[in-house]
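A short worksheet on the structure shown next.
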Amino acid sequence: MYALYTVKFLGNVVEGDIVRYVNVPIEVLKDAAIAQIKDGAPVWFGCDCGKNFDGESGIWHEEIFQYDGLYGTKCALNKAERLDYGHSAMNHAMVFTGVDLDEEGKPVKWRVENSWGDERADKGFYAMYDSWFDEHMFEVVVFKKHVPEEVARILEQTPIELEPWDPMGSLAQ
């Protein structure tokens with residue numbers, strides 16, 4: 001946690017910058033995304049979009065389907081284990097264009113704009129509930145001004161290189 005990473009051979013454009021990730025708690029990702037949305041800019045993100053998703057309604061929610069009632073079993077893997085065992089991967093990028101906050105300023109659901117056209121959901125806009133964010137979101141891209149200074153300083157470190165097959169490289173390859 002609070003370290004800088006890159007994936008070997010990722011972002012291998014001549015004279016281009018390497019792709020870097022700062023590993024932070026999910027709350028830091030949320031706070032940065034909310035700050036950027038409030039500042040009027042969308043937030044690019046990467047997630048595992050196929051989990052707990054209803055394409056017609058355009059909703060991502062952890063309890064949209066009741067698998068345990070149907071199959072009599074519950075997946076007991078946590079987020080890290082799902083990545084390690086290939087049950088989850090960053091497989092799609094989209095942008096947040098809005099967020100619904102409760103009275104305390106905590107996110108309830110996120111407004112997502114996708115590239116799948118305007119025939120589905122609400123003219124191409126989707127709703128991602130915050131419990132889904134916790135389980136299936138992996139990365140956001142925000143301006144440095146929206147992250148705490150101690151997080152921005154991590155970008156000055158030499159990144160730890162992950163192997164090319166690491167899950168953190170799956171979306172960008």
Segment 40-102, dipole about Cα centre (Lys/Arg Cβ +1, Asp/Glu Cβ -1), debye to the nearest 20: 220 debye
Structure-based [θ]222 nm, the chain - -39500 (n - 2.57) summed over DSSP H runs of at least 4, per residue, nearest 500: -5500 deg cm²/dmol
Only Lys, Arg (+1) and Asp, Glu (-1) charged, at Cβ; the chain dipole about Cα centre in debye: 260 debye
Relative packing of peptides 62-73, 5-16, 139-150 - highest average C-beta neighbours within 10 Å first: 139-150, 5-16, 62-73
Partners for Lys123 among lysines (Cα-Cα distance below 19 Å; same-chain residues under 8 apart left out): Lys109
Of Tyr21, Tyr126, Tyr85, the one that fluctuates the most in a GNM where the chain has Cα springs shorter than 10 Å: Tyr85
Karplus 3J(HN,Hα) series, Hz, for segment 84-97 with 6.51 cos²θ - 1.76 cosθ + 1.60 (x for Gly, Pro): 4, 9, x, 7, 9, 7, 6, 10, 7, 10, 8, 10, 7, 10
Whichever aspartates and glutamates have a C-alpha closer than 14 Å to that of Lys106, once near sequence neighbours (fewer than 8 apart) are set aside: Glu27, Asp31, Asp130, Asp134
Lysines with Cα under 19 Å of Lys79, excluding same-chain neighbours fewer than 8 positions away: Lys30, Lys51
Farthest toward positive dipole pole in segment 4-169 [+1 Lys/Arg, -1 Asp/Glu at C-beta], among Val19, Leu101, Val151: Val19
Residue of Asp84, Asp17, Asp118 that the Gaussian network model of the chain assigns the largest fluctuation, springs spanning Cα pairs under 10 Å: Asp17
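Each reported figure results from applying straightforward, stated rules to the coordinates on display, with no laboratory input. Being a predicted model, the structure only gives us computed values, none of them experimental. Positions of Cβ are generated from backbone atoms using ideal geometry, with glycine treated the same way; all protein chains shown enter the neighbour counts.
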